[in-house]
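Input: a single structure, listed below in structure tokens.
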Amino acid sequence: MGKTLTQKILEEHLVVGEYVKGEEIGIRIDQTLTQDATGTMAYLQFEAMGVPRVKTELSVSYVDHNTVQIGYENADDHKYLQSVAKKFGIYYSRAGNGICHQVHLERFGRPGRTLLGSDSHTPTGGGIGMIAVGAGGLDVAVAMAGGHFNVTCPKVVKIELTGELRPWVSAKDVILKVLETFTTHGNVGTVFEYGGEGIATLTVPERATITNMGAECGVTTSIFPSDDVTKQFLDAQGRGDQWVAMAADPDAEYDRVVQVDLSTLEPLAAAPHSPGNIMTVADANEMAVDQVCMGSCTNSSYRDMMIFAELLKGRTIHPNVSAVVGPGSKQVVEMLSENGRLAYILGAGVRMAENACGFCIGNSQSPKTEAISLRTSNRNFLGRSGTKSANAYLVSPETAAAGAITGKFIDPRKLEDMGIEYPAVEMPDDFIVNDNMIMPPVDDPGDVEIVRGPNIGDPPKNAPLPDVIAGEVAIKVGDEITTDHIIPAGSKMKYRSNVPKYSEFLFEVVDDTFFDRAKGIRDSGNDNVIVAGISYGQGSSREHAALCPMYMGVKAVITKGMERIHKANLVNFGIVPLNFADPADYDGIDQGDGLEIPDVRSALEGAGNTVTVKNMTKGTEFQASFDLSEKDKEKILAGGTLNLIAQQMR
């Protein structure tokens with residue numbers, strides 16, 4: 001029996017366990033990436049491990065999230081990141097160089113390599129043939145220190161692409177179709193592997209758009225083969241010597257095969273407030289548009305910006321629309337500047353943002369009250385734009401341009417009725433390569449001083465797991481609670497290095513009284529417990545969604561189901577992730593109920609996988625289960641990964 005591409009790469013990097021689906025394996029990590037929102041804490045944790053130099057083939061620290069410098073906090077963190085990179089052998093991509101995923105695709109990604117990133121959209125690298133996985137910052141720190149990465153040996157689903165995209169339909173519509181098929185939950189422990197004759201019609205940036213948003217399905221990662229299209233891209237980046245051909249065997253067997261005929265797709269959108277709320281653009285009924293945001297790590301490549309620019313040539317954006325463009329990298333801006341397309345965009349009245357995450361994470365360009373915002377980004381969670389009442393729709397560059405021109409949420413194919421032809425955009429034979437904003441590590445770091453501003457504190461410590469968890473349900477939330485619901489991005493993210501301060505904003509999107517309530521429970525000597533529905537913790541890899549609850553005394557999270565990265569982050573910080581054995585028991589708990597989980601430590605040390613949870617308020621009890629590896633149990637028992645590492649070093 002032949003092997004999938006996923007199996008080939010994972011087996012080549014296997015250091016712990018055997019390639020058996022559903023079993024935990026440990027893989028060697030070749031490359032890591034961090035961004036400044038998650039990287040600061042990751043490097044503080046790396047420092048705590050006492051390792052003098054990163055042990056990966058390549059590690060890169062990007063500054064792309066918190067580039068808006070209001071107050072000293074972000075600037076201080078950037079200086080810390082720069083000094084840490086210099087000290088420990090890490091490449092440093094300065095603010096202004098671009099979004100981590102776009103820059104990494106351009107300058108560092110290599111077919112067949114493994115990439116672990118402290119950002120959930122790290123699977124963007126699958127567009128160039130990598131096994132690229134998003135994780136919490138602590139997992140990335142461990143990988144930089146030479147440790148392996150533990151992951152469930154995945155099921156592999158083949159998404160077979162046939163046909164060719166028609167004009168006005170693009171890669172964004174492909175991944176929105178995949179989201180319509182698979183939804184945003186129920187795909188934990190799965191890899192999407194793309195194949196079929198249709199892949200030859202997609203450029204590497206288009207493939208990267210598809211793998212980028214595969215993260216919204218909750219899969220471990222997504223991957224395309226490395227073929228002639230990949231080689232052309234690497235040649236154009238001056239990295240042709242790094243190309244290798246990689247593909248699944250012709251007789252590879254998959255857990256499931258799903259056909260997508262590219263020629264039948266039409267312009268799609270994700271409606272508020274989830275990337276899984278798929279609709280056709282035609283069904284928007286040409287509603288009025290208030291804002292258009294073009295960019296983010298999903299659609300900010302040269303190809304995407306060229307499409308947007310060509311459609312705006314000689315035109316002016318609609319007077320009722322505020323439009324902004326955020327290119328993905330300095331390389332993209334230089335290309336557009338040299339060929340004159342940047343003038344098309346600016347001439348149309350579009351505002352120019354930094355080459356950064358910007359509007360996607362809500363730290364700039366928040367729309368007006370109750371706005372209709374068309375965005376080419378990957379997430380439209382409630383409040384993520386920075387305006388809770390706004391309605392953000394996720395669309396393709398073509399649909400974004402149509403909205404900017406007409407002021408309506410309109411099917412871009414209707415632009416032809418206005419005499420606008422679909423632009424033909426060819427990938428360049430040579431990209432402009434100017435890495436002057438990437439600082440390589442120094443050979444002799446001995447005299448490098450690490451710079452810490454007053455906002456930067458040590459990672460908070462947890463205590464070992466007690467014998468009994470006894471406390472109160474500090475909050476009960478419903479289904480599909482994202483990490484943005486748990487801890488916000490945007491302007492609050494500048495406190496990411498100051499956990500006590502950042503914790504004040506926990507759950508503010510759904511209940512702004514949580515912090516005071518949880519603080520009262522913790523300070524009284526009791527434990528906090530979180531209760532949630534299905535798909536808890538989807539979205540960002542933001543480990544602060546576990547770190548801040550740990551700081552607030554959360555000892556257990558009981559859900560109907562949780563997503564992979566968030567569950568791993570809970571484990572890393574010593575919080576017990578539990579699922580209702582009978583989901584109906586969720587209905588029998590109310591916020592404020594006193595809960596007790598007796599003998600929880602003994603349960604994790606034993607051979608079983610259930611605990612009894614007693615509702616002391618209602619006089620009832622129920623069973624909760626845990627799905628944890630032996631290594632996971634060790635971490636929780638010790639009070640988290642850093643505690644476990646300290647024990648092992650002692």
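Readers should treat all values here as calculations from the given coordinates under stated rules, not as data from a laboratory. Because the structure is a prediction, the values reported are computed rather than measured. Every residue, glycine among them, receives a Cβ derived from its backbone with ideal geometry; neighbour counts consider all protein chains shown.
3J(HN,Hα) along region 610-620: 9, 10, 8, 10, 9, 8, 6, 6, 9, x, 10 Hz, from the Karplus curve 6.51 cos²θ - 1.76 cosθ + 1.60 with θ = phi - 60°, whole Hz, x for Gly and Pro.
Taking every lysine pair in region 5-264 that is 8 or more places apart or spans two chains, those with Cα atoms closer than 27 Å amount to 18.
The 3J(HN,Hα) values that the Karplus relation (6.51, -1.76, 1.60; θ = phi - 60°) gives for region 556-567 are, in residue order, 8, 10, 10, 9, 7, x, 9, 8, 4, 5, 5, 4 Hz. Gly and Pro appear as x. If you add up the charges near THR620, with Lys and Arg at +1 and Asp and Glu at -1, over every other residue whose beta carbon is less than 11 angstrom from its beta carbon, what do you get? Net charge in that neighbourhood comes out at -1. With neighbours defined as other Cβ atoms within 10 Å of a residue's Cβ, the residues LEU382, LEU465 order from fewest to most as LEU382, LEU465. In terms of overall dimensions, region 527-650 has a Cα radius of gyration and Dmax of 14.1, 45 angstrom. Note on the chain: antiparallel DSSP beta bridges, both residues inside, total approximately 35 percent of the bridges counted. Averaging Cα coordinates gives a centre for region 402-435 and one for region 260-314; these two points are 11 Å apart. When you restrict to C-alpha pairs under 8 Å that are six or more residues apart and normalise by the size of the chain, the relative contact order lands at 14 percent. The length gained by stretching the chain between VAL468 and MET279 to full extension, at 0.36 nm per residue less their Cα-Cα distance, is 63.3 nm. Entry for the chain at q = 0.08, 0.10, 0.12 Å⁻¹: log10 I(q)/I(0) = -0.55, -0.87, -1.28, Debye formula applied to identical alpha-carbon scatterers, no solvent contribution.
A cut-off of 5 Å between modelled amide H atoms, ignoring neighbours fewer than 5 places along the same chain, links TYR92 with SER61, MET439. For region 561-607, the average shadow cast by the Cα convex hull is 4.5 nm², which is a quarter of the hull's surface.
Within 10 Å of each residue's Cβ, count the other Cβ atoms and sort GLU426, GLU621, GLU634, GLU472 from fewest upward.
Going from sparsest to densest Cβ surroundings: GLU426, GLU621, GLU634, GLU472.
Taking amide H positions as modeled 1.01 Å from N, with prolines and chain starts lacking one, the residues under 5 Å from LEU595 and 5 or more places away or on another chain are GLY471, GLU472, VAL473, MET616. Among rounded, prolate and oblate, which fits region 217-302 when a ≥ b ≥ c are the square roots of the eigenvalues of its C-alpha gyration tensor, a/c under 1.5 means rounded, and a/b larger than b/c means prolate? In terms of gyration-tensor shape, oblate. Each Cα pair under 8 Å and six or more residues apart adds its sequence gap; the mean of these over the residue count of region 268-418 is a relative contact order of 35 percent.
In terms of surrounding Cβ atoms within a 10 Å radius of their Cβ, VAL151, VAL292, VAL258 rank from fewest to most as VAL258, VAL151, VAL292. Database remark: amide H of SER296 closer than 5 angstrom to the amide H of GLY326 (H placed geometrically; neighbours at sequence offset of 5 or more, or on other chains; Pro and chain starts carry no H). Nearest 10 degrees, 0 to 90: what angle lies between the long axis of helix 330-339 and the longest principal axis of the chain (Cα atoms)? It is inclined by approximately 10 degrees. In sequence order, region 406-420 has phi-based couplings of 9, x, 10, 7, 10, 4, x, 5, 6, 4, 4, 5, 9, x, 9 Hz under the Karplus curve 6.51 cos²θ - 1.76 cosθ + 1.60, θ = phi - 60°, and Gly or Pro positions carry x. Beta bridges per DSSP, both residues in region 469-649: antiparallel share near 50 percent.
Here the ratio of the Cα radius of gyration of region 268-418 to 2.2 N^0.38 Å is 0.94.
Using DSSP, restrict attention to beta bridges with both residues in region 5-264 and report what percent are antiparallel, rounded to the nearest 5.
Within region 5-264, antiparallel bridges account for around 20 percent of the total.
Among residues other than SER497 with Cβ under 14 Å from its Cβ, the summed charge is 0 (Lys and Arg +1, Asp and Glu -1). Could you tell me which of rounded, prolate or oblate describes region 531-596, using a ≥ b ≥ c as the square roots of the eigenvalues of the alpha-carbon gyration tensor, with rounded for a/c under 1.5 and, failing that, prolate when a/b is larger than b/c and oblate otherwise? Here region 531-596 falls in the oblate category.
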